[in-house]
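What follows is a set of notes on a single structure, which appears directly below.
What follows is calculated from the coordinates using simple rules that are stated; it is not laboratory data. Predicted model only: the values in this text are computed from it and were never measured. Quick reminder, even Gly has a Cβ in these numbers, built from the backbone with ideal geometry, and neighbours come from all protein chains shown.
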Amino acid sequence: MNIHEILKYLPHRYPFLLIDRVLSVEPGKEITALKNVTVNEPFFPGHFPHHPVMPGVLIVEALAQAAAILSFKTMDSLPSDDSVYYFVGIDGIRFKKPVIPGDQLILKASITRHAQGLWKYAVRAEVEGSLVTEGQLMCTLRSVK
């Protein structure tokens with residue numbers, strides 16, 4: 001999926017859209033997406049100016065955005081203005097290596113459970129084949145109107 005299709009599946013926009021491309025998606029199973037990490041990211045001047053590192057919470061957010069695309073592809077639907085896809089749990093997240101400008105972050109999410117409106121995923125992020133982050137996320141789709 002290119003950026004134009006991604007924009008149909010995620011309500012996020014700059015500076016919070018953290019998916020540049022979906023490399024593969026198998027509805028009901030798994031997704032692999034990509035985030036190009038550039039020195040121009042708005043968070044780098046403050047985190048940390050002398051040694052820029054992508055904040056871990058934004059790596060987790062990127063993983064959640066990939067998971068959201070997977071869920072909508074699985075449901076064979078697009079998000080609407082009447083609902084929001086929320087985090088409801090973040091478990092066992094571990095950060096193994098820093099992510100720095102110039103890295104290509106590969107985001108992977110696989111559905112481990114879907115019941116009663118809750119989705120659970122195993123997630124991992126890699127740079128050049130090396131694990132940088134892993135854990136589990138839980139999300140749900142809720143009406144906002």
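A few remarks follow.
- Cβ crowding within 10 Å averaged over residues, with 8-19, 84-95, 54-65, 131-142 ranked highest first: 54-65, 131-142, 8-19, 84-95
- Sites Leu23 and Lys145 - FRET efficiency at Förster radius 30 Å, r taken between beta-carbons, to 0.05: 0.30
- In the set (i) 16.7; (ii) 15.4; (iii) 15.0, the label that goes with Kirkwood radius over Cα pairs in Å computed for this structure is (ii).
- Efficiency of FRET between Gln116 and Asp81 - r from beta-carbon atoms, R0 25 angstrom, step 0.05: 0.55
- Under 20 Å from the Cα of Lys73 - aspartates and glutamates, other chains or at least 8 residues apart: Glu5, Asp20, Glu26, Glu30, Glu61, Asp81, Asp82
- Percentage relative contact order, the chain, counting C-alpha pairs under 8 Å, at least six apart: 26 percent
- Filter on Lys35/Lys145; Lys96/Lys145; Lys8/Lys96; Lys29/Lys97; Lys35/Lys120; Lys8/Lys97 - keep pairs with C-alpha separation over 29 Å: Lys35/Lys145; Lys96/Lys145; Lys8/Lys96; Lys8/Lys97
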